[in-house]
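K.L.:
Sharing a structure here in structure tokens format.
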Amino acid sequence: MQDVSGILKEGFLVKRGHIVHNWKARWFVLLQDKLLYYKLDGGRKEPSPKGRIILDGCTITCPCLEYENRPLVIKLKTKTNTEYFLESCSREERDSWALDITGAIHAGHPVQVQQLHRMKNSFKLPSNISLNHIVDKMHDNSNGIKLTPNMEQGNTYKESFTGSALVDWLISSNFVASRYEAMTLASMLMEENFTKAVGARSTEAMRNGDLAEQFLDDSTALYTFAESYKRKLSSREELHPHILELSGTIVKQGYLVKQGHKRKNWKVRRFVLRADPAFLHYYDPTKEENKPVGGFSLRGCLVSALEDNGVPTGVKGNVQGNLFKIITKNDIHYYIQASSKAERAQWIEAIKRLT
């Protein structure tokens, strides 16, 4: 995954197939006029791109709400009306890709790019507060948001709240300082599938608004909790033994390439590093269900970089460079590849802090 001149951004995204609508991890390279994507052979990208997306005349939709279980998708529509769906590993990563792709599309229109930068930097959720925490507070019987029946165009939405009620509640609960920040936070809650628009007014805004106008601070726009969150609260099945493992604060997440334990093949996985309790989980990003396919406690783990000259002991296949190894206290060895030396160093440092 060497540097090539003219690259604006590169990294893993999960792409929906054109003919068979399955999802595959691909290595994407953003150039000034096109987006190239490569297949991985072992731990290396193939020399020739698998495909290319011409950016001239492209339109971008972010967030793209066509996939309820995939809130981190960007949609690109080319001048010839070909649609591409690309999924990132986190909200920050998705917005960063959307911003850079939009910048390439509008390279000749700096005003639009400046507006996007302003929007992206306008509000940051404090690091000690998670969206899960906010939604839990919203459900609080005494201090949460009041769910009431609301009518719109002859339809009644039983347990709903208005856009302006949510903005008022976010301000009064001290999560934000202004109505603009509250609208940004309310948009995040929708994008991450905690809340959803109900009724014509809010649904229309969600589909047609730009990045800054997805959520309406309005007493006629109706919203409710998303089904997935309701199920999470009510279903006993969700309370499996590993629930504590997944309760920690997310410290870092991203796509890395991991060697399998049995077949020793290399697959792209979405890694999520959590603290309190300290765990590292990995997910198959091509699957819809958001459940880890593996993970382990970081207590007593050893983590180290592997030399880049030659193939280290324990590593199989067509892979070298930017590798690191984690040995658990049960002596299980994990071999992982980052996309650059800098990324490898960041992961090692973040993991070491939690061991």
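K.L.:
Take A177 and decide whether it is open to solvent by less than 40 Å² (accessible area, probe 1.4 Å), outside the structural domain of R91 (by the TED database) and out of contact with any Lys or Arg (no Cβ under 7 Å at 6 or more places or on another chain).
P.N.:
On the way: open to solvent by less than 40 Å² (accessible area, probe 1.4 Å): no; outside the structural domain of R91 (by the TED database): yes; out of contact with any Lys or Arg (no Cβ under 7 Å at 6 or more places or on another chain): yes.
So A177 does not fit the description; no.
K.L.:
Filter the stretch 306-355 down to residues that are closer than 14 Å to K264 by Cβ and among the small types (G, A, S) and give me whichever is least open to solvent (accessible area, probe 1.4 Å).
P.N.:
Looking at the filtered set, the residue picked out is G314.
K.L.:
Let me ask you something else. Could you list, in sequence order, all residues of the stretch 182-211 that are modelled with pLDDT under 70 and open to solvent by 40 Å² or more (accessible area, probe 1.4 Å)? Show your work before the answer.
P.N.:
Initial filter on the stretch 182-211 (modelled with pLDDT under 70): 208-211.
N208, D210, L211 - these are the residues of the stretch 182-211 that are modelled with pLDDT under 70 and open to solvent by 40 Å² or more (accessible area, probe 1.4 Å).
K.L.:
Of all residues in the stretch 1-39, which are open to solvent by 40 Å² or more (accessible area, probe 1.4 Å) and either polar (S, T, N, Q) or under 28 Å from K316 (Cβ atoms) (or both)?
P.N.:
If the condition is that a residue be open to solvent by 40 Å² or more (accessible area, probe 1.4 Å) and either polar (S, T, N, Q) or under 28 Å from K316 (Cβ atoms) (or both), then M1, Q2, D3, V4, S5, E10, N22, K24, Q32, K39 are the ones that fit.
K.L.:
Further, regarding this structure: Would you call I60 open to solvent by less than 10 Å² (accessible area, probe 1.4 Å), on the phi < 0 side of the Ramachandran plot and among the β-branched types (V, I, T)? Break it down into steps so the answer makes sense when it comes.
P.N.:
Values: open to solvent by less than 10 Å² (accessible area, probe 1.4 Å): no; on the phi < 0 side of the Ramachandran plot: yes; among the β-branched types (V, I, T): yes.
No: the conditions fail for I60.
K.L.:
Any chance the stretch 316-333 includes a residue that's modelled with pLDDT of 90 or more, of a type in the set (S, T, Y) and either farther than 30 Å from V73 by Cα or within 23 Å of the chain's Cα centre (by Cα) (or both)? Lay out the reasoning, then the answer.
P.N.:
Taking the stretch 316-333 and keeping what is modelled with pLDDT of 90 or more, we get 322-333.
Imposing the further condition that a residue be of a type in the set (S, T, Y) reduces the set to 328.
So of that shortlist, the ones also either farther than 30 Å from V73 by Cα or within 23 Å of the chain's Cα centre (by Cα) (or both) come out as 328.
Yes, some residue in the stretch 316-333 is modelled with pLDDT of 90 or more, of a type in the set (S, T, Y) and either farther than 30 Å from V73 by Cα or within 23 Å of the chain's Cα centre (by Cα) (or both).
The values are calculated or read from the model by the stated rules, or taken from the named source; none is laboratory data. Remember, predicted model here, so these are calculated numbers, not experimental data. Glycine gets a Cβ as well: all are built from the backbone with ideal geometry, and neighbour counts include every protein chain shown. Note: areas computed on protein heavy atoms with side chains; ligands, DNA, RNA excluded. Shrake-Rupley method; radii C 1.70, N 1.55, O 1.52, S 1.80 Å.
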